[in-house]
Amino acid sequence: MKYLRHELVIGKEAQKKLEHSRVAVVGVGALGCVAASLLARSGVNLVLIDRDVVSVTDLHRQILFEESDVGFSKAERAKERLSKINSGINITCYNLDLNSGNVSILGGSDLVLDCSDNLETKFLLNEFAVRNKVPLVYGSAVRDKGYVFDVVPKGPCLSCFLAGSKSLMACSSEGVLNYLTSVIGSLQVSQAFKILLKKDYEKLLLRFDADKMELSKIKVNKNKRCKVCG
Ligand SMILES: [Zn+2]
């Protein structure tokens, strides 16, 4: 009954599949708040990971938090909030800095959502996904543009086209529009559903420009010399 409106679109069997899935959300910031909220409301079990505490400058876009959360762990506060939204799902949270020594905590997940804000974590997740054949949905959003990319077994990985990059533009210095992060977090969930439900679709780099209201689909080729997946 709870998921009736979803079942009318995707069917009961697909909805059951979602309820038996576990998704790790790495980074419970702007993208992570949107994605985790939609996943929790869809009945998906969650692993939430974030090393940060809520800051007052996060509130304009991190939709799971309110003023009384400032100074507290994002992962823990998000878990509390999401448990109230859907008490029927299982949520594990980690208040830690994900690194090569502890990345194995992602091991029991069917899919990883990269909602992090730095390249170091993004490359760490990419390597984990390729090595362990766990699908990964990458997301990033800065200023008025955002990107989504799916890393799946046999397909190109993040390093195929981002290997030379040293850093990403940061929201802390460049800023970001709150409606953009809602769009990108939602697009990540739409890709996650396709992967969890084993749908056949073309894996493309999605680029959304909120100023021009343009969604571009860019073909990414596998780089034979890629140090991660080549
Ligand atoms: Zn690669």
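Under 7 Å between Cβ atoms, at least 6 apart or on separate chains: pull out the pairs that start in segment 115-130 with a residue that is closer than 22 Å to residue 34 by Cα and end on any residue that is aromatic (Phe, Trp, Tyr) and outside any loop (DSSP other than H, G, I, E, B).
Between residues of segment 115-130 that are closer than 22 Å to residue 34 by Cα and residues that are aromatic (Phe, Trp, Tyr) and outside any loop (DSSP other than H, G, I, E, B), the close pairs are 122/138.
Kindly indicate which of 73, 159 is farther than 28 Å from residue 223 by Cβ and either free of Cβ contacts under 8 Å to residues at least 24 places away in the same chain or within 16 Å of the ligand (Cβ to nearest atom) (or both).
Numbers: 159 fails: farther than 28 Å from residue 223 by Cβ.
That would be 73, the only listed residue that is farther than 28 Å from residue 223 by Cβ and either free of Cβ contacts under 8 Å to residues at least 24 places away in the same chain or within 16 Å of the ligand (Cβ to nearest atom) (or both).
Taking segment 86-104, which residues are aliphatic (A, V, I, L, M) and within 16 Å of the chain's Cα centre (by Cα)?
Taking segment 86-104 first, the residues aliphatic (A, V, I, L, M) are 89, 91, 96, 98, 103.
Matches in segment 86-104: 91, 98, 103.
Pick out the one residue from 137, 151, 142 that is modelled with pLDDT under 95, in contact with a helix residue (DSSP H, G or I) (Cβ under 6 Å, 6 or more places away or on another chain) and either of a type in the set (Val, Ile, Thr) or within 16 Å of the ligand (Cβ to nearest atom) (or both).
Numbers: 137 fails: modelled with pLDDT under 95; 151 fails: modelled with pLDDT under 95.
Every option except 142 fails the conditions.
Could you give me the residue pairs with C-beta distances under 8 Å whose first residue belongs to segment 173-187 and is closer than 13 Å to residue 58 by Cα and touching a residue at least 12 places away in the same chain (Cβ under 8 Å), whose second residue is among the hydrophobic types (A, V, I, L, M, F, W, C) and part of a helix (DSSP H, G or I) wherever it lies, and which are 6+ apart or on separate chains?
176/30; 178/30; 181/30; 181/31; 181/34
Would you confirm whether any residue within segment 53-69 is surrounded by 13 or more Cβ atoms within 10 Å (Cβ to Cβ), closer than 16 Å to residue 24 by Cβ and not hydrophobic (A, V, I, L, M, F, W, C)?
No, every residue in segment 53-69 fails to be surrounded by 13 or more Cβ atoms within 10 Å (Cβ to Cβ), closer than 16 Å to residue 24 by Cβ and not hydrophobic (A, V, I, L, M, F, W, C).
Identify all residues within segment 188-204 that are over 19 Å from residue 157 (Cβ atoms) and in contact (Cβ under 8 Å) with a residue 60 or more places away in the chain; write none if there are none.
So the first thing to find is which residues in segment 188-204 are over 19 Å from residue 157 (Cβ atoms), and the list is 189-190, 193, 196-200.
Residues satisfying the conditions are 189, 193, 196, 197.
The values are calculated or read from the model by the stated rules, or taken from the named source; none is laboratory data. All of these numbers come straight from a predicted model, not from anything done at the bench. Every residue, glycine as well, gets a Cβ built from its backbone with ideal geometry; the counts of neighbours run over all protein chains shown.
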